[in-house]
Amino acid sequence: MTIMSSRLIRHQMCIEELRKLGAKVISVQGIMIYVKFKINNTKLEYIYHINPDNTYFLERIKPYVMAVGDFESEEDLVDLIKIDVEQFQNAMKSKNFQDFIEIDKSISKLVRFFEDLYLYYNIPKEDTAIIKNKVEEILDEIIDIKNRSERVYYKKDPESFK
């Protein structure tokens, strides 16, 4: 019982830390937590839940949906949210910020469309190859743009460009 109490105390401390950052934190039956920020009229929202093995699964749900990942501890989860908020605050300085958000929403929609395509339809191999090639072109273009762009955030390295 002491372990559970200690874990609950640590989790409550992490929730308080998120609140100090300006988040509204809502607990749903103690296993699912909504974390909401409003920064410069932009909603930045997360949801995380406690897995049966006492790890945490985090998703960003606004301004667009993205699975962030699993975390071993509350502290790791809070640290990631802090960095994410800071990165969004930095990105909001760009005059292209709203365009970035719209592109991300379209990419999320694309993933859903593709999933519905293969779950509901029998797709010929040639059409699958067309989609695969287009996706590879976009990924290559993103790498090219990254390589010719100025990096503006250094506190954490990007996960995807390793």
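Read-outs throughout are calculated quantities, based only on the coordinates presented, and are distinct from any laboratory measurement. Since we're looking at a predicted model, the values are computed, not measured. Positions of Cβ are backbone-derived with ideal geometry, glycine not excepted, and every protein chain shown enters the neighbour counts.
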One checks the Cα atoms of the stretch 97-147 and finds Rg and Dmax, in Å, of 13.2, 38
Cβ density ranking, 10 Å radius, fewest first, applied to HIS49, HIS11 yields HIS49, HIS11
Rounded to the nearest 0.05, what FRET efficiency do ILE123 and ARG148 give with R0 = 35 Å and r taken as the Cβ-Cβ distance? Could you check? 0.50
Ranked by Cβ crowding within 10 angstrom, fewest neighbours first, how are ARG148, ARG10 ordered? ARG148, ARG10
Tail weight of P(r) past 22 Å, computed on alpha-carbon pairs of the stretch 15-94, percent: 17
Any idea what diffusion coefficient the chain gets from Stokes-Einstein, in µm²/s, Kirkwood Rh on alpha carbon pairs, 10 °C, 1.306 mPa s? 87
Scalar couplings 3J(HN,Hα) for the stretch 58-68 by Karplus 6.51 cos²θ - 1.76 cosθ + 1.60 (θ = phi - 60°), nearest whole Hz, x for Gly and Pro, are 10, 10, 8, 10, 9, x, 8, 7, 7, 6, 8
Past 32 Å, Cα to Cα, is the threshold; run LYS105/LYS156; LYS43/LYS146; LYS62/LYS125; LYS24/LYS93; LYS62/LYS156 against it and keep the listed order. LYS62/LYS125
For LYS132, LYS162, what ranking results if the residue with the fewest other Cβ atoms within 10 Å of its Cβ goes first? LYS162, LYS132
